[in-house]
């Protein structure tokens, strides 16, 4: 199943970049306030140097991380299990047996709605798993297929 892994929709990078841009803008305002306080307290040069370094590093994270996150986020599913692989620094490989699924939900944030993207939340007894950044039609199709696979798997287990 690891050979059949699918990438998310490419539009999810734009959603993540917008979120990173909003975070960067808020942090930039905080840094400007810190520089203004440094100006009145007589610590302008150290405040500006520190702010520029922090803004540069935060900019790399806010605008570079979405591309790395997209590259390493893959998923797949079949009749018996769901496979999710993600993580830039710490890599995770999760296998969720179909028979452990309790709930399936479609998730959409406000920016995702604009891009017509959605995420599928897979709930089990112990955890929730999110496959975020699917085309909305693909998310609905995935839920329908997983529900059908779940019903078939329950019937198979009853007959064993």
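The values are calculated or read from the model by the stated rules, or taken from the named source; none is laboratory data. Owing to the predicted nature of the structure, the values given are computational and were not obtained by experimental measurement. Glycine also receives a Cβ, built like all others from the backbone with ideal geometry; neighbour counts cover every protein chain displayed.
Data table
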{"quantity": "Residues of the range 115-129 classified as loosely packed, with under 14 Cβ neighbours inside 10 Å and closer than 18 Å to residue 70 by Cβ, total", "calculated": "1"}
{"quantity": "Residue satisfying condition, being touching a helix residue (DSSP H, G or I) at 6+ places or on another chain (Cβ under 9 Å) and closer than 21 Å to residue 148 by Cα, within set 93, 79", "calculated": "79"}
{"quantity": "Selection count where residues are assigned to a helix (DSSP H, G or I) and either farther than 30 Å from residue 113 by Cβ or touching a strand residue (DSSP E or B) at 6+ places or on another chain (Cβ under 7 Å) (or both), scope the range 16-52", "calculated": "20"}
{"quantity": "Scan of the range 81-107 for residues that are more than 17 Å from residue 124 (Cα to Cα) and under 12 Å from the mean Cα position of the chain (by Cα), ordered by number", "calculated": "85, 86, 87, 88"}
{"quantity": "Residue list for the range 115-137, restricted to those being in contact (Cβ under 8 Å) with a residue 24 or more places away in the chain and part of a helix (DSSP H, G or I)", "calculated": "136"}
{"quantity": "Any hit, the range 69-80, residues being under 15 Å from the mean Cα position of the chain (by Cα), crowded, with 16+ Cβ neighbours inside 10 Å and part of a strand (DSSP E or B)", "calculated": "yes"}
{"quantity": "First in the range 83-96 and under 19 Å from residue 64 (Cα atoms), second anywhere and assigned to a strand (DSSP E or B), Cβ under 7 Å, 6 or more apart", "calculated": "86/92"}
{"quantity": "Unique residue being in contact (Cβ under 8 Å) with a residue 40 or more places away in the chain, part of a helix (DSSP H, G or I) and either exposed (fewer than 12 other Cβ atoms within 10 Å of the Cβ) or not assigned by TED's automatic domain parsing to the domain that holds residue 126 (or both) when the list is 55, 62", "calculated": "62"}
{"quantity": "Residue tally, condition free of Cβ contacts under 8 Å to residues at least 60 places away in the same chain and closer than 14 Å to residue 98 by Cα, over the range 138-152", "calculated": "6"}
{"quantity": "Residue check for residue 106: in contact (Cβ under 8 Å) with a residue 12 or more places away in the chain and either over 18 Å from residue 16 (Cβ atoms) or surrounded by fewer than 16 Cβ atoms within 10 Å (Cβ to Cβ) (or both)", "calculated": "yes"}
